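The values are calculated or read from the model by the stated rules, or taken from the named source; none is laboratory data. All figures in this text were calculated on a predicted structure; none of them were measured in a lab. Note that each Cβ is placed from the backbone with ideal geometry, even for glycine, and that neighbours are counted across all protein chains shown.
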Amino acid sequence: MRQSLRVLHVIRSDAFAGVERHVANLAAAQHDLGHRVRVIGGSPDHMQAVFGSRAIPVLAAPTTMSILRILGRTSDPDVVHAHMSAAEFAVTLAPHLRTVPLVATRHFARRRGSSTLARQLGMQVARRIAAQIAISHYVADRIEGPSTVVHSGVPDRPDAGPYLNREKVALVVQRLEPEKRTEVALGVFAASGLAEDGWLLEVAGDGSERGRLELLASDLGIWQATRFLGSRSDCLELMDQARAIIAPCDIDGLGLSVVEAMSGGLPVIAAAAGGHRETVGRADDARLFTPGDASAGGDLLVALARDPGRAGRYGDELQTVQREKFSLTAQAQATIQVYREVLR
């Protein structure tokens, strides 16, 4: 078996959110391990920003047909790695790839298909898949079929500086869609009362809920202290400046933004659900609140604000957890091992 593998990642997308970041990070790490990697899907500009000087070809693929057109002129890889159901389905339609092992990463804690037809298609796709990777035990326990858990990793970052050098900012980094429960984060900040002490709430992200959330900030009396930043490409810099990040979603498969916050030593206050139990929950001083309980989250946030020494130690602990358990190199190595097993 060749030591260097030809890997093709496929995702039906021309955007750049959590799954696309996962693909970009993984592709870059696999390239650094000496493998030949190509990517179909995701915003090429954002992907290339992650790749830097690495020679990793990437093409946007917003539709299933665009994936098929690109696959039709793609030389055979050793392994095709699909991300999300649409990409899995597209690969099964490519006749010249039928003998190439298909590995699928499951990013969400749900079974394939939201309708009878979609479930039937999902069953056909499942028969084509040689191996499944789940990004967390939370996901693995809620999908059909066996899977190997490979936690998503992020690049290690420098040691966090003094906590009090950070600004009085509580940060939210996520899409503004109903399932992300951003309204709970606003409630947490309002319940903390920190706006009266000069703190700000910064919301980085955009989506269909933005208008409703802006009205909610006014209703909660925190409008003057809330900044809706829209989609941002500098989220790591925002994390370096803030004193806390609030992660209210209770169905995140893992929560890549949370792991990125941990990598910079940023204290995390998260819903005690989903993948957060496997990330933040590994810390001895984990700050987790009952999902939806904004009052409890507010208590955790104000406790951090009142004890900066403990907040700094908590951030340091989270950074240590990330480096030990959510390393990008470890993720890439474990994923390559899955490839090698199916190639045998």
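The set of residues from region 56-74 being part of a loop (DSSP other than H, G, I, E, B) and either touching a residue at least 24 places away in the same chain (Cβ under 8 Å) or crowded, with 20+ Cβ neighbours inside 10 Å (or both) comprises Ile56, Ala60, Pro62, Thr63, Thr74. On inspection, Ala24 passes the criterion of being within 24 Å of Lys180 (Cα to Cα), in a helix (DSSP H, G or I) and in contact with a strand residue (DSSP E or B) (Cβ under 9 Å, 6 or more places away or on another chain). Cβ-Cβ contacts under 6 Å between residues 6 or more apart (or on different chains), taken from a first residue in region 257-270 that is within 19 Å of Thr290 (Cβ to Cβ) and crowded, with 24+ Cβ neighbours inside 10 Å to a second residue that is modelled with pLDDT of 95 or more and polar (S, T, N, Q), are listed as Val258/Thr279.
Return the total of residues in region 23-48 being over 17 Å from Val338 (Cα atoms), under 17 Å from the mean Cα position of the chain (by Cα) and either of a type in the set (A, V, I, L, M) or crowded, with 23+ Cβ neighbours inside 10 Å (or both). Total satisfying the criteria: 5. Among the residues of region 272-299, those that are among the basic types (Lys, Arg) and either in contact (Cβ under 8 Å) with a residue 40 or more places away in the chain or surrounded by fewer than 21 Cβ atoms within 10 Å (Cβ to Cβ) (or both) comprise Arg277, Arg282. Whether a residue is crowded, with 17+ Cβ neighbours inside 10 Å, in a helix (DSSP H, G or I) and not polar (S, T, N, Q) was assessed, and Ala303 does not pass this test. Remark: pairs (first residue in region 91-104, not assigned by TED's automatic domain parsing to the domain that holds Ser147; second residue in a helix (DSSP H, G or I); Cβ separation under 8 Å; 6+ apart in sequence or on different chains) are absent.
Looking across region 120-166 at every residue that is among the charged types (D, E, K, R) and under 25 Å from the mean Cα position of the chain (by Cα), the one that is nearest to Gln333 (Cα to Cα) is identified as Asp156. Restricting the search to strands (runs of 3 or more DSSP E) fully inside region 209-277 and requiring at least 1 residues that are more than 25 Å from Thr320 (Cβ to Cβ) and under 19 Å from the mean Cα position of the chain (by Cα) gives 226-230.
Residues of region 323-340 that are touching a strand residue (DSSP E or B) at 6+ places or on another chain (Cβ under 7 Å), part of a helix (DSSP H, G or I) and either of a type outside the set (A, V, I, L, M) or free of Cβ contacts under 8 Å to residues at least 40 places away in the same chain (or both): Thr335, Tyr339. Scanning region 306-344 for residues that are surrounded by 14 or more Cβ atoms within 10 Å (Cβ to Cβ), among the small types (Gly, Ala, Ser) and closer than 27 Å to Ala244 by Cα yields Ala311, Gly312, Gly315, Ser327, Ala330. Restricting attention to region 144-165, the residues that are within 25 Å of Arg344 (Cα to Cα) and surrounded by 12 or more Cβ atoms within 10 Å (Cβ to Cβ) add up to 8. Of these, Leu194, Leu176, which one is farther than 30 Å from Val338 by Cα, crowded, with 17+ Cβ neighbours inside 10 Å, in contact with an Asp or Glu (Cβ under 6 Å, 6 or more places away or on another chain) and assigned by TED's automatic domain parsing to the domain that holds Gly315? The unique qualifying residue is Leu176. The residue that is nearest to Ala90 (Cα to Cα), among those in region 106-145 that are basic (Lys, Arg) and in a helix (DSSP H, G or I), is Arg128. Condition first: at pLDDT 80 or above, more than 18 Å from Val10 (Cβ to Cβ) and out of contact with any Ser or Thr (no Cβ under 9 Å at 6 or more places or on another chain). Now tell me which residues in region 108-126 satisfy that. The answer is Arg110, Arg111. Among the residues of region 67-83, just one is modelled with pLDDT of 95 or more and of a type in the set (Gly, Ala, Ser), namely Ala82.
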